[in-house]
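Notes follow the structure.
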Amino acid sequence: MARLQLVPPGTKIPFISWRKLFFVFSIALTLAAAALYLARDLNFGIDFEGGILMEIRTDGPADITVLRDTLGALGLGEVNLQTFGEASDILIRVQRQEGDEAAQQAAIDAVRDALGDSVTYRRTEFVGPKVGEELKQAGILAVLLSMAGILIYIWFRFEWQFGVAAVVALSHDVISTIGIFALLQLEFNLATVAAILTIAGYSINDTVVVFDRIRENLRKFKKMALADVLNRSINETLSRTVLTSVTTLLALGSLFVLGGPVIRDFSFAMIWGVLIGTYSSICVAAPVLLYMKLKRTVFDSDGDSKTDGVATTADN
């Protein structure tokens with residue numbers, strides 16, 4: 001059976017020759033994302049801004065659509081519902097109301113009046129802004145630690161130059177994702193942080209595949225110019241990269257269309273992340289290596305090189 005290939009064998013797209021165009025686009029995208037964040041900030045959800053949490057149980061499997069319509073008509077702002085555990089267990093999140101504790105209690109009473117005695121109220125809590133601020137800090141720390149861990153992993157698996165190139169590409173992915181959320185004012189919550197961490201993992205997976213082929217070709221073609229090695233490696237892994245991205249996007253597209261409003265923002269973040277992660281692995285991470293002064297001797301398979309020269313950076 002013939003293997004599916006979305007990119008024809010022997011493809012020779014001059015990615016490295018286009019690197020300056022890619023760099024200009026990526027720098028512009030990153031700066032625009034940072035400017036959007038500073039100008040508009042993010043639309044933080046209940047997890048970060050604080051709000052009301054209510055856990056209820058219905059007599060039978062809950063009808064999320066009916067509950068959402070009922071509570072959405074109360075005018076309490078953002079209201080999220082999700083099941084957990086049994087189909088009859090529902091977690092309701094209501095955004096923090098303007099005012100003091102009396103305003104929060106009034107919102108709780110409004111929810112209770114709307115749902116009536118048809119449900120059992122198992123837990124009611126108010127998440128204050130202090131907790132939200134702590135979650136913000138924890139989210140930022142999680143992203144930074146993940147990127148530091150990736151840098152160390154790539155450093156040990158390859159060389160420090162590869163680690164720097166990978167972190168440059170990942171920073172590009174994370175900042176641009178935050179910029180998209182600032183532009184569209186999509187809800188930014190803990191699920192979005194999880195999406196960003198997943199995007200980082202997906203992107204580094206693609207990047208490692210390209211880096212591994214670069215290392216292999218540096219050993220195989222010792223006299224070939226570095227630009228040619230990089231371009232050859234990108235093209236050789238292009239079919240695998242594109243096929244992986246397309247199959248992932250098919251699943252994410254289904255979640256975005258059919259998954260409902262609860263996971264729509266998460267699905268959108270993942271779709272954007274797959275697209276930008278694929279782009280950065282090919283058009284940012286690999287071309288950055290051209291300026292990192294890679295030493296050919298590090299990649300000699302026999303470990304016994306006669307020279308310690310720096311790889312040629314001739315343009316392709």
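Criterion first (among the basic types (Lys, Arg) and farther than 22 Å from ALA191 by Cα) does ARG122 satisfy it? Reasoning before the result, please.
Values: among the basic types (Lys, Arg): yes; farther than 22 Å from ALA191 by Cα: yes.
The answer is yes for ARG122.
Among the criteria (1) part of a helix (DSSP H, G or I); (2) at pLDDT 80 or above, the one GLY132 does not fulfil is (2). Any idea which residue in segment 259-313 is farthest from THR244 (Cα to Cα), counting only those that are at pLDDT 70 or above and of a type in the set (D, E, K, R)? Out of the qualifying residues, it is LYS293. The condition (being assigned to a helix (DSSP H, G or I) and touching a strand residue (DSSP E or B) at 6+ places or on another chain (Cβ under 6 Å)) is satisfied by just one residue among PHE211, PHE181, PHE156, PHE162: PHE181.
Inspect segment 65-87 for any residue being in the same structural domain as ASN189 (by TED's automatic domain parsing), of a type in the set (Ser, Thr, Tyr) and at negative phi and give the result as yes or no. Within segment 65-87, not a single residue is in the same structural domain as ASN189 (by TED's automatic domain parsing), of a type in the set (Ser, Thr, Tyr) and at negative phi. The number of residues in segment 206-222 that are of a type in the set (S, T, N, Q) and in contact (Cβ under 8 Å) with a residue 24 or more places away in the chain comes to 1. I'd like the full set of residues that are in a helix (DSSP H, G or I) and either closer than 17 Å to GLN95 by Cβ or in contact (Cβ under 8 Å) with a residue 24 or more places away in the chain (or both), limited to segment 40-71. Across segment 40-71, the qualifying residues are ARG40, ILE46, ASP47, PHE48, GLU49, ILE64, LEU67, ARG68, THR70, LEU71.
Could you say whether any residue in segment 219-234 is among the acidic types (Asp, Glu) and modelled with pLDDT of 85 or more? Yes, segment 219-234 has at least one match. For segment 248-261, how many residues are β-branched (Val, Ile, Thr) and surrounded by 13 or more Cβ atoms within 10 Å (Cβ to Cβ)? Result for segment 248-261: 1. Collect the residues in segment 158-187 that are in contact (Cβ under 8 Å) with a residue 40 or more places away in the chain and either of a type in the set (Phe, Trp, Tyr) or outside the structural domain of ALA28 (by TED's automatic domain parsing) (or both), keeping them in residue-number order. Correct list: PHE158, PHE162, PHE181. Checked against the criteria, ARG93 counts as assigned to a strand (DSSP E or B), touching a Leu at 6+ places or on another chain (Cβ under 9 Å), surrounded by 14 or more Cβ atoms within 10 Å (Cβ to Cβ) and among the basic types (Lys, Arg).
Are any residues in segment 223-252 polar (S, T, N, Q) and touching a residue at least 12 places away in the same chain (Cβ under 8 Å), and if so, which ones? Residues satisfying the conditions are ASN231, SER233, ASN235, THR237, SER239, THR241, THR244, SER245, THR248.
Being crowded, with 16+ Cβ neighbours inside 10 Å, part of a strand (DSSP E or B) and not assigned by TED's automatic domain parsing to the domain that holds LEU190 is a property that ARG122 lacks. Checked against the criterion of being more than 22 Å from the chain's Cα centre (by Cα) and modelled with pLDDT of 80 or more, the candidates THR11, THR83, THR70, THR30 yield just one match: THR70.
The values are calculated or read from the model by the stated rules, or taken from the named source; none is laboratory data. Computed from a predicted structure; not experimentally measured. In this analysis, Cβ positions are derived from the backbone assuming ideal geometry, glycine residues included, and neighbour counts consider all displayed protein chains.
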